[in-house]
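A.B. asks: Sharing a structure with you now.
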Amino acid sequence: MSNDNSSPQAGGTGLVETARILDGRALAKEKRAQLKLAVAGFVEKNGFPPGLAVTLIGDDPSSIAYTRTLIKTATDLGFKAIQHVLPGGLSLDEFRDEIRKLNADPTIHGITVQWPTPPHITFEDVVAVLDPRKDVDGYNPMLLGRLYEELDTFVPATPQGGMQLVHHYGYNVRGKACLLVGHGVTVGRPLLALLLAEHASPMIVDQSTPRELFRQYAAQADFIFCAAGAPGIVTGDMVKPGVVVIDFGTSEVGDRLVGDADFESLLPVAAAITPTPGGTGPMTNVTLLGNVLKAARQQTGL
């Protein structure tokens with residue numbers, strides 16, 4: 001799909017407006033180039049690179065694939081990046097011991113734990129043992145609290161990257177009706193904090209919201225941020241013309257990766273939309289690595 005704001009109608013009878021495509025791959029490429037220069041400067045001053053540990057528990061195929069991509073990206077940009085693979089059957093105490101070793105390792109400045117984890121190791125268990133200074137995902141309640149207080153902190157990578165896309169393409173949420181679809185701890189809640197900091201007017205729904213109320217809110221929204229993990233939950237007949245749709249959701253439907261936004265039905269209605277894949281996803285790695293560099297600077301006093 002072209003990034004042009006118009007495309008020929010079927011049959012060649014004229015032109016019909018279609019949404020601007022917000023290209024996360026292109027922006028991520030720019031951000032990686034900037035980050036590579038910043039990492040080189042850090043290494044020149046300190047004599048060592050920023051260090052990232054990517055912890056993976058078990059052998060989930062999608063987590064393995066993501067971890068490999070993250071490690072390669074980090075290494076290419078000049079980071080020290082280690083893949084910290086733990087057996088799925090390890091106990092909670094053993095897991096805590098492994099994370100504490102990374103907490104104490106001065107060459108590791110950031111730690112990220114991949115999901116899913118085994119059932120006996122919960123999100124709360126992971127957050128509790130991670131040193132907040134190295135929690136580059138920004139999941140610690142103290143870090144989230146700092147985000148809501150508009151204090152310096154690690155902003156979770158996925159919502160951070162999505163808002164960078166919004167800003168890069170010249171959109172402003174100040175005073176705008178922003179519908180947040182989903183309010184999970186990894187995307188929705190930190191995204192709400194970012195919207196509040198920019199003086200947006202947020203509304204929140206999720207999959208349990210009655211459909212009539214959901215549609216009522218969607219019809220009022222200037223921006224819709226999808227983060228529910230429910231394929232196609234937002235459709236073109238629900239929204240007003242000119243809406244901007246930022247889609248964080250990803251689901252496998254058959255052999256396709258799709259978002260929460262029904263891309264095809266929204267194209268003729270929206271002013272702009274992120275595709276899946278190629279929208280918010282490519283921004284996540286580069287923003288996470290930006291957090292690692294930030295953590296390294298904080299821990300070295302630079």
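FYI, it's all coordinate maths here, none of it is from the lab. On a predicted model such as this, the values are computed, not experimentally measured, just so you know. A quick note on method: Cβ atoms are made from the backbone with ideal geometry, for glycine too, and the neighbour counts reach across all protein chains shown.
A.B. asks: Considering the chain as a Gaussian network with a 10 Å cut-off on Cα pairs, which listed residue, Gly184, Gly145, Gly89, attains the greatest mean-square fluctuation?
C.D. replies: Ranking Gly184, Gly145, Gly89 by mean-square fluctuation puts Gly89 first.
A.B. asks: Mind checking the angle between helix 188-197 and the chain's longest principal axis? C-alpha axes, 0 to 90 degrees, to the nearest 10.
C.D. replies: 80
A.B. asks: Taking the Cα centre of the chain as origin, work out the dipole magnitude from +1 charges on Lys and Arg Cβ and -1 charges on Asp and Glu Cβ, in debye rounded to 20.
C.D. replies: In debye, rounded to 20, the chain gives about 840.
A.B. asks: With a/c under 1.5 counting as rounded, go ahead and sort the range 47-136 into rounded, prolate or oblate using the C-alpha gyration tensor (a ≥ b ≥ c being the square roots of the eigenvalues; past the cut-off, prolate if a/b is larger than b/c, else oblate).
C.D. replies: oblate
A.B. asks: Find, among the chymotrypsin sites (Phe, Trp or Tyr not before Pro) in the range 163-246, those assigned to loop by DSSP (not H, G, I, E, B) with at most 13 other beta-carbon atoms within 10 angstrom.
C.D. replies: none
A.B. asks: Further, regarding this structure: Shape of the range 177-236 from its Cα gyration tensor (a ≥ b ≥ c, root eigenvalues): rounded if a/c is under 1.5, otherwise prolate when a/b > b/c, or oblate?
C.D. replies: Verdict is oblate for the range 177-236.
A.B. asks: Most fluctuating residue of Gly162, Gly279, Gly78 in a GNM of the chain with Cα springs under 10 Å: which is it?
C.D. replies: Most flexible of the set in this elastic network: Gly78.
A.B. asks: Turning to a different aspect of this structure: Once the Cα atoms of helix 211-220 and of the chain are each reduced to a long axis, what angle between those two axes, in degrees from 0 to 90 to the nearest 10, is obtained?
C.D. replies: 80
A.B. asks: A follow-up question, please. Can you match Rg/Rh (Cα atoms, Kirkwood Rh) to one of these, (1) 0.99; (2) 0.95; (3) 1.24, based on a calculation from the structure here?
C.D. replies: Answer by label: (1).
A.B. asks: Using a ≥ b ≥ c from the Cα gyration tensor of the range 156-282 (square roots of the eigenvalues), is it rounded, prolate or oblate, where a/c under 1.5 gives rounded and otherwise the larger of a/b and b/c decides, a/b for prolate?
C.D. replies: rounded
A.B. asks: Around Phe95, with a cut-off of 15 angstrom between Cβ atoms, what is the net charge of the other residues, counting Lys and Arg +1 and Asp and Glu -1?
C.D. replies: Counting the neighbours of Phe95, the net charge comes to -4.
A.B. asks: Fewest first, what order do Leu293, Leu90 take by the number of other Cβ atoms within 10 Å?
C.D. replies: Ranked by crowding around the Cβ, least crowded first: Leu90, Leu293.
A.B. asks: While we're here: Which entries of Lys101/Lys134; Lys29/Lys240; Lys36/Lys294 show an alpha-carbon separation above 20 angstrom in the structure shown?
C.D. replies: Too far apart for the 20 Å limit: Lys29/Lys240.
A.B. asks: Hey, how many Å between the Cα centroid of the range 199-259 and the Cα centroid of the range 53-71?
C.D. replies: Cα centres, the range 199-259 to the range 53-71: 29 Å.
A.B. asks: In addition: Between Ala128 and Lys45, what is the spin-label point distance in nm, taking each point 7 Å from the Cα along the Cα→C-beta axis?
C.D. replies: It is 3.7 nm.
A.B. asks: Can you tell which of Ser251, Ser62, Ser208 shows the greatest fluctuation in a Gaussian network model of the chain with Cα springs below 10 Å?
C.D. replies: Largest GNM mean-square fluctuation: Ser208.
A.B. asks: Can you give the angle from 0 to 90° between the axis of helix 92-104 and the longest principal axis of the chain, with both taken from C-alpha atoms, to the nearest 10?
C.D. replies: In the chain, helix 92-104 runs at an angle near 80 degrees to the longest axis.
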